[in-house]
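The values are calculated or read from the model by the stated rules, or taken from the named source; none is laboratory data. Keep in mind the model is a prediction, meaning the values are calculated, not measured. Positions of Cβ are backbone-derived with ideal geometry, glycine not excepted, and every protein chain shown enters the neighbour counts.
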Amino acid sequence: MVRFGRFRGSNGFAFMITAPLVMPDVITGLSLLLLFVALGHAIGWPSDRGMLTIWLAHVTFCTAYVAVVISSRLRELDHSIEEAAMDLGAAPLKVFFVITLPMIMPAVISGWLLAFTLSLDDLVIASFVSGPGATTLPMLVFSSVRMGVNPEINALATLILGVVGIVGFIAWYLMARAEKQRVRDIQRARQG
């Protein structure tokens, strides 16, 4: 939508994309459950609720968050760089993969991390759209904690915290190294 400008129905389209941001999880879960049941009766798909319906539900509510993050980056993007690449004869696909995608990659990664975190944290929507035998990690933890905290849940929480800590440290290290390299490059450019 950022690239196509205004078109008829653009406000409605923007509302539909961002609606899950302000909609309570219970309403989202219930509406998706009713949608899946109605589709099952009307066209026979999905035949039963399970991991596919959980996946579709998570894509539905995570798309809004990813769209907001990426569209904000696209709004800040300098279009003249892409236009210059096209003026030099680059095809639109090449411009996208060589110019645009690397420039918006931080937003894509941020959107992915945000969607992963929201999906990992979701209990309500997954409870509505899951079927028998389909269980997500939050559902498993919630059902285990209701009967009392056991060592498996403690180990799982420790493992998740450890992985997040290690990934955070690696990201910090790589960013610090890239920043030092950038400073060195600037100093070399000033000297030369």
Q: Among the residues of segment 123-132, count how many are outside any helix (DSSP H, G or I) and in contact with a helix residue (DSSP H, G or I) (Cβ under 9 Å, 6 or more places away or on another chain).
A: 3
Q: Would you point out which residue out of Phe7, Phe15 is exposed (fewer than 12 other Cβ atoms within 10 Å of the Cβ), under 22 Å from the mean Cα position of the chain (by Cα) and more than 29 Å from Thr135 (Cβ to Cβ)?
A: Phe15
Q) Out of (1) modelled with pLDDT of 90 or more; (2) within 26 Å of Ala64 (Cβ to Cβ), the odd one out for Gly131 is which? A) (1)
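Restricted to segment 75-93, and to residues that are among the charged types (D, E, K, R) and in a helix (DSSP H, G or I), which residue is farthest from Val108 (Cα to Cα)?
Among them, the one singled out is Asp87.
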Q) Just to be sure, is Leu52 surrounded by 15 or more Cβ atoms within 10 Å (Cβ to Cβ), under 24 Å from Thr135 (Cα atoms), of a type in the set (A, V, I, L, M) and more than 15 Å from the chain's Cα centre (by Cα)? A) yes
Q: Determine whether segment 23-30 contains at least one residue that is surrounded by 13 or more Cβ atoms within 10 Å (Cβ to Cβ), more than 16 Å from Val124 (Cβ to Cβ) and assigned by TED's automatic domain parsing to the domain that holds Leu114.
A: no
(Q) When you check Ile166 against the structure, is it in the same structural domain as Asp48 (by TED's automatic domain parsing), out of contact with any Lys or Arg (no Cβ under 6 Å at 6 or more places or on another chain), in a helix (DSSP H, G or I) and at pLDDT 95 or above, yes or no? (A) no
Q.
For segment 74-103, give me each residue that is among the charged types (D, E, K, R) and surrounded by 18 or more Cβ atoms within 10 Å (Cβ to Cβ).
A. Glu82
Q. Do we have Gly148 as modelled with pLDDT under 90 and touching a Gly at 6+ places or on another chain (Cβ under 7 Å) here?
A. no
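Each row is one residue, and each column tells you yes or no for (1) free of Cβ contacts under 8 Å to residues at least 12 places away in the same chain; (2) among the hydrophobic types (A, V, I, L, M, F, W, C); (3) closer than 20 Å to Leu113 by Cβ; (4) surrounded by 10 or more Cβ atoms within 10 Å (Cβ to Cβ).
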position: Glu152; (1), (2), (3), (4): yes, no, no, yes
position: Leu159; (1), (2), (3), (4): yes, yes, yes, yes
position: Ile166; (1), (2), (3), (4): yes, yes, yes, yes
position: Ile186; (1), (2), (3), (4): yes, yes, no, yes
Q: Please find, within segment 123-132, the residue that is surrounded by the fewest Cβ atoms within 10 Å (Cβ to Cβ) out of those that are farther than 12 Å from Val59 by Cα and not hydroxyl-bearing (Ser, Thr, Tyr).
A: Pro132
